[in-house]
Structure formats: C-alpha cells, structure tokens
C-alpha cells in the first residue's frame, strides 16, 4: 500500500510542510527510509531529527523548524502517528465460523460472524456477539457475554459470569473471573468464602497479557469504558475502575478499592483494599498506596536508587530516623 | 432454593433475632433485598447497617443492637456468612469421564469418577484421584498425583512430579513444577543447573490464577495443608510454606526460604532466598524481606505515599541521611 | 545408571580425594545417601558438611579439609555439580512429528525432526527448526521462527513475528510478542498505537513461567544470546537486554530501556522506560530504577524490614525528612 502525504494531511487535518510524496510504511526516526513516516513525541528523541532519513516526520508545531525534510504538523503527533500507523497495520482478517477442534456447549449462542479459533471451549449460557474474534485456546465458561467486535487474541480464560463490552481487546494469558481471595479464619483453619459475583468491562477496554481480574464476592468487579490495563496486573474482587484510566504493568489492586476516571497509574504499584482513589490521580511507579487519595493529584512513595554502599548507610539510618528526630528536637530545646 | 432463617440458625449455631423468614440468596448490605442475607464483618461498613434492606444480617454480638431488622448473631460473622453463602452457590456438577478431545497417556491412571475436560493432556505415570475435576485445557505432565476431590479450574499446568493433596483448588493459568531458576556462571556463560525435584501440596491448598510454584532443584518445593495463595504469586524452588499460611497477590518468595505456619503475608511482598520466617509472622504489603524474621511478629518496610512534591524533597534527603545523621552527632558533641 | 567417581573426575577435570566409588544420583548434603553426590557452593551450608552421608561432595579447594569422606575438588563447584547432575537427568526423548490434535497452517514449515505436541496451533509463515520440541498447548502465530533445538515446555504463546535462536527454553505460560502498551491520549479517550514490531531472542535464552515479552512498537524487542529470565518478568516493548544478563522473578522493565551485558538483576525490581543500564550492573531486589545506571556497579533502593511499630515511627519521620534536614541546617547556623 502506498499513500500520498497530502492524503494523510487531509484525512487527519495535518499541515504538510514540503512537497507531496508517496509513503508505504511507518518507522522510528532512526530507521525510517525515505518512503516511511516517523514521528517525534518524546522530547528525549529530538536530537534524532537532524539525521533522520524519514520521508516525513509527524511533529508538533514547536518542532517543525527542527525537521530537515518534510513534516506533517499535528496538534497531537503521537495520536496522529497512531492513526497513520493503523493504516499500514496488517490485521488478521476475521474468519467467521467455529473451528472444528473447538468445543461449544449447545446452550451457548455464537453470532455467525464471529470467529472461534482452534481448541477453544465455550460454556453454556454464553453469548458471543457479532464480529468477535477468539484466537486459539480461549476458554469461556458459563454465562459470559462478549460484546460485538471484541477480540481475545489467544488463550484467554473468562471463567464464569464475565461480560465484555464492545471492541474489547484481551491479550494472551489473561484470566478474568477467577475466584477472589476470600477467606474466613475459623477454628484454626481457613474457610473459603464463596465468590458469587462476576466481572464487567465496558466498551473499548484493553487487558494485557497474563493480567488477572477476579470475580466479585457478591457484586461484580467492574471496569468502565476505555480502561487500559497493561500486562501482569492483578485486580482484586469488587474493585471498580473508572473510565479512561490507564494502568501500567505489574500493578496490583486489592479487593473493594475504587479508582476514579482518567487516572494514570504507573507500573509495579500496590494499592491496598477498601480505598477510594479520586479522578485524575497519577501514581508513580512502585508506590505503595495504603490510604485513599483525592484527585486530581500526583503521588509517590519509596526511596531513590543509589549505589549500594551509599544506600546501605542511608537505609541503616532510616531505622534510626525516629530516634534521630527526637534527639534533634531535644537538641533544639537545649539550645533554646 | 429457599431456606428459613431458623434452619440456618440451627445448622450453624447462630441466634436468630426477630421473626422467622424465608431467604433465597446472599448479598451485600447495600444491595440485599428482603429475601437475602447480608453480613457485617469489616467495621468500615458498619454505617451501612442502618439502611440495609436485607432479610437478615449476620453480625457479631456487639453489633446486634445496630441492626434495624432481623439478625443472626454469630461468634464469627464472616465465617458463618461464608457457610450460608456456600448453600446458595451453584457449583458445577462433576461430569465423570474423559472428554473425547482430551489426550491421556496410556500409562496414566484416571479414577472413573474424575472429570477430564476438553483439550486436557495427561502424561505417563500420572494418577488422578476420585472426584477430581480438570476444567478445559489443563496440562498434566509425567509422574503427577492429584488427590481426591481436587479441582483444576481451567488451563492449569502441572509440569512434572507435582503431587496435590485432597481437595486442592487451582485457578486458571497457574503453573506448578516448572524449572527453578538455577544457573551456574562458568567461563563467561550461564550453565543450567538441572532441576530434579518436584512440588508437593498438602490437603485443602488453594493456588490463585497465574501463580507459579517451581519444582525443587533436588528436594521438593512444599506447601503444607491449608496453604492459601492468591493470584500471580511466585514461589521459588525448594521453598517450604507451613500449614494455614495465607499469602496475597503478587508476592514473590525466592528459593530455599522456609515460611512458618499461620503466617499472613500481604500483597506485593518480596522475600529473599535462604531465609527462615517463623510461625505467625505478618508482613505488610510490598515489604522487602532481606533477613530472617522470628514469629510471632508483624513487619514492614517502605515509605508512606505522599503528594509527589513532598515526596521528591524527602526522597532527596534520604540520599543524604547518613551524612545528616553524622553531622547531627558532631553538632551534638560540639554543644556538649 | 551408575558412574565411577574417577570417571567424573576425569570427565570434568576434578581432583578425586578418597577411594573410587560408584554413584547413581545427586542430592543435597542433608539427604544424600552413600551412592549420591552432593555439593557445597553457598557457604551458609558449610556446617552441613560434617554430617553428610554423601558418597562424595563437590567442593572448592578451600573446603576440602572440611569434608569427612570423599570429595571432588573443583574450581567452580556449583557448575561442576550442574554438569554431574545433568548426567542423571531424565530428559523427555523427542518424539518427532505432529500430534494429530495439533492444528498446523499449511503455510507453516515444520522440520521433520521437530515434535509438535497435543493441542498446539501454528500459524502461516512460521518456521520450526530441527529438533524443536513444542509441549502440549503451545500457540505459535504468524511469521515466527524457532531455532534448532529450542524447547517450549507447554502452553507457551508466541503471538506474531517472534524469532527464537537456537536452544532457547521457554517455560509454561510465557507470552512473547503480545502488543506493547502503546496509547495516545486524544480528545478525552485513548487511541491504540499499533504495535508493529516483533521479538527477537538470541541463542541459549531461557524464559520463565508466565513471563511476558511484548513485541516492539516499530523495531523489535530484543534479547541477545544467553539471557536468562526467571518467572513472571515483564519486558516492555523495544527493550533490549544484553548477552549473559540474568534477571530474577517478578522484575518489570518498561518500554525502550536498554540493559547491558552480564547484568544481574534481582527479583521484584522495577525499571522505568527509556533508560540505559550499563554492562555488569547489579541491582538489588525490589529496587526502583528511575534513572540510567552506569556499569559496572551495584545499586539498591528501599528501606530495611523492621518490626511494624518501629517502622511506623520511622516512616512517619520520612514524611518530615526535608523539614528536619532544613531545621538542622538552621540549627547548625545558629550554633555557628
């Protein structure tokens, strides 16, 4: 496929600087050839502009002067680059129908336009909507619902009572609807608390590889529209996550916590249970959130990385911190 | 199904306060209808008592006065609610037999009452006990043993030499018996140290979704009875975990560490290798455990969550902590 | 199988101290019988030498005097023990051919010596090399390449455009080639940035259970030769990891970060995106790496584990740290 820069400019409302030119793909500033479009969004890569061989670069107004060749000026270069890249993306075409190796319960309802891949199994009472794509090895239990246009890339498990909105994208290894971690201690042993709720995702949610979202204990665990979860995230039972919130890999959210809309939560964060995180809260990587946080706001915990010798000395002092602070206050009194 | 409150009271040794009434399910205080039972265990939700529409509430003696309607007074409301909820839980009935799409080695032994779901595969020398349920896509390698009544919900892998006791429950995506991370560095490259041990679980263990438990290097990795693991936990080779210990999601335990009985380990904790953790140790979320801990006791590490501006200033000071402490001591000497 | 100690000594260049003896296996110092070989590499276990019943112990020169019976003196006891253990390891024999339950695209190329296990599926354009072993339930998408002698133990997913070198070993549940977490925020919603790159592994790489390695956004995500990844590691898009680097479980590396050669990264570490980590860098467990680190060097962050009462006091002071430090400086000025 070849597209003229002028077509792209028109289609996405960009300003083309330089002569028109045909392109056939996208690439990074460092590797783009003269037939490819690159972009600049992260200022850390601005120095790569000077030497780029790209046929055109999508840039913000402020950077247009720094591009040696053609550019497409955009109010949001990363988003417009994404739109251009999508034109060149080879998406697998939907092969409607059920693969002969799949096992579908007679009480499941599969839209005829849906694709059910090899070695999938689908339980009773489950409804699979129009244009849904299940890659190989997906396991869908009882009473699930998959909204139109959703895609389960491969080997996704929806255990039971999981409802996906439209156009959800679930990556391999994700497990939605496993039992929450509910245990009551009684007479010296653990008693399992039945987990009876489900999981509900809105439209346009994305769930990363090997991420787990537990079913609710009584009510449902719930993600609103356009929630974006990276890989290896753990979402406990009865968590609620507001629309347009994005969470990076390996973050864990304990049960019954509510997270607002438009939050940005970095990777490796731990959020305790039964908390309220407001709208537009940002949380830095590997923070431990042990209290509710109001939004908008940006939060962090932890200590900075250091060479290990310095760290050992400082960490040892951390153990004396209260004592030091008290000593200092006495000091201060003495000198008064 | 409908049950009289008086039946529940008798069955579980509870005191019914108010008139008898038929119920048909369980729910939260906020959502329960007049035919459902709710409960109060976490004091944070006590304020919801006043407005609940529940047909009855399971409460501790101390809270009976705060319930506007009927209640069931219990010495352990969460445990008794769990028992009541279990009566209303729709458990899949066991469909004994091997699904035609499953692949079972002729040298495996499957109890005729066991259920082997679609697309399972079972290796030679493996024995599957009475009433065991393997959901879809489970892979059991060689020389494994699954005790009576155990359930592998779906897509569980037991790689090799994994023995489960009775009534174990393993959630989707869990991998037991993969090689431990054993490497010897020699002449500039890594040499794999053969991992020859197995994994042994006692009775009544639960293993969460996408949790991994590595096989031992030489001896077995071992979980005693009633050990409860949440999702995405990593258990290294030759770890031993004592009976009745419960561990929350995303915690990682490095090789050859021993954890005692009745421990409560929160989520996101990291425990280094070759340590001894005593009985009845509690460890707070996201702590790093780099030395052995005696029990009983409660332990923590890390720093509290703060707004990012405050955090930045304090974190910068952490890097100077040893210097500050030394300066202070000199100060102190000077003023003596 | 029985082997004489003198044979082992000759084969691996070890010095046999004591009389020759036949052995038939390997075990730990504590459990070895008179027909088994044990080893001492970690000094923490030196006290076990005195009582060992092992037929022989592989030890360093410095420990030879402490062994009561026979020993094999080695310059690298752990590595030589690994070599001896490998002789006694029962490796599954390769059963060349495609299992009848596997689904192989007609446009895939499978070497006749390769083994494709039950319920595998292989997409178009994929090439599987000589002697490759795919255990049950592996899913290989389009345009992948598996180098000679590689093994995918079971239920591994290579989503698309994943190339493995020779002799790679991938453990169950690993997902290579899922989409990176690329999102552009535009007009109040997230726009997915197409992920078009692949994943490339060199020779002799090992990838642990449930580890995820995302495909690059434009270029490939890349692991050089002999990179060793433990379980539940997350490798973001466009990360590059240098040869001979080993990373322990649950570590996460955000997008576009480069890690050098011969690094040792402990478990639970978080490494932010777009950083450069030099060669021979060591990073301690659960550190947060938020800036580039030059090598060689050893780094750490975090605070030490304490009993929770002490920790609470010290953690509260951390929040005042900048204030305390300022007060102290004023103090200091006052007393000047």
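The values are calculated or read from the model by the stated rules, or taken from the named source; none is laboratory data. Only a predicted model underlies this, so the values are computations on that prediction, with no experimental measurement involved. Reconstructed Cβ throughout: ideal geometry from the backbone, glycine too, with neighbour counts over all protein chains shown.
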Do you know which residues across segment B:198-214 are within 13 Å of chain C (Cβ to nearest Cβ) and buried (at least 24 other Cβ atoms within 10 Å of the Cβ)? B:199, B:207, B:208, B:209, B:210, B:211, B:212, B:213, B:214
The correct count of residues that are under 22 Å from residue B:316 (Cβ atoms), at the interface with chain B (Cβ under 8 Å from one of its Cβ atoms) and buried (at least 21 other Cβ atoms within 10 Å of the Cβ) in segment C:281-312 is 4
Conditions first: (1) under 15 Å from residue A:207 (Cβ atoms); (2) part of a loop (DSSP other than H, G, I, E, B). Residue A:261 passes all but one, so which condition is the exception? (1)
Filter segment A:94-114 for residues that are within 14 Å of chain C (Cβ to nearest Cβ) and assigned to a loop (DSSP other than H, G, I, E, B); the one that is surrounded by the fewest Cβ atoms within 10 Å (Cβ to Cβ) is A:100
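For segment C:261-279, state whether one or more residues are in the same structural domain as residue C:162 (by TED's automatic domain parsing), surrounded by fewer than 22 Cβ atoms within 10 Å (Cβ to Cβ) and touching a helix residue (DSSP H, G or I) at 6+ places or on another chain (Cβ under 8 Å). I'd like the intermediate steps shown before the answer.
Here is the first cut: in segment C:261-279, the residues in the same structural domain as residue C:162 (by TED's automatic domain parsing) are C:261-279.
Remaining after also requiring surrounded by fewer than 22 Cβ atoms within 10 Å (Cβ to Cβ): C:261-262, C:264, C:273-276, C:278-279.
Adding the requirement that they be touching a helix residue (DSSP H, G or I) at 6+ places or on another chain (Cβ under 8 Å) leaves C:274.
Yes; the residues of segment C:261-279 include at least one that is in the same structural domain as residue C:162 (by TED's automatic domain parsing), surrounded by fewer than 22 Cβ atoms within 10 Å (Cβ to Cβ) and touching a helix residue (DSSP H, G or I) at 6+ places or on another chain (Cβ under 8 Å).
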Say we look at segment A:70-93 and pick out the residues that are part of a loop (DSSP other than H, G, I, E, B) and modelled with pLDDT of 95 or more; which of these is nearest to residue C:218 (Cα to Cα)? A:76
For segment A:240-252, give me each residue that is at the interface with another protein chain (Cβ under 9 Å from one of its Cβ atoms), surrounded by 24 or more Cβ atoms within 10 Å (Cβ to Cβ) and in a strand (DSSP E or B). A:252
Only unsatisfied item for residue B:52, checking (1) surrounded by fewer than 20 Cβ atoms within 10 Å (Cβ to Cβ); (2) over 26 Å from residue A:187 (Cβ atoms), is (1)
For segment B:170-187, give me each residue that is more than 7 Å from chain C (Cβ to nearest Cβ) and on the phi > 0 side of the Ramachandran plot. B:177, B:187
So, in segment C:260-280, exactly how many residues are farther than 24 Å from residue C:183 by Cα and away from chain B (no Cβ under 14 Å)? 3
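Table: residues versus (1) away from every other protein chain (no Cβ under 14 Å); (2) out of contact with any helix residue (DSSP H, G or I) (no Cβ under 7 Å at 6 or more places or on another chain).
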position: C:8; (1), (2): yes, no
position: C:18; (1), (2): yes, yes
position: C:31; (1), (2): no, yes
position: C:38; (1), (2): no, yes
Can you tell me which residues in segment B:53-79 are within 14 Å of chain A (Cβ to nearest Cβ), touching a strand residue (DSSP E or B) at 6+ places or on another chain (Cβ under 6 Å) and without any contact (Cβ under 8 Å) to a residue 40 or more places away in the chain? B:54, B:57, B:76, B:77, B:78, B:79
Quick check on my filter: what residues within segment B:313-323 are within 8 Å of chain A (Cβ to nearest Cβ) and in a helix (DSSP H, G or I)? B:315, B:316, B:318, B:321, B:322
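Yes or no: residue B:330 away from chain A (no Cβ under 11 Å) and buried (at least 24 other Cβ atoms within 10 Å of the Cβ)? Give the steps one after another, and end with the answer.
On the way: away from chain A (no Cβ under 11 Å): yes; buried (at least 24 other Cβ atoms within 10 Å of the Cβ): no.
In short, no.
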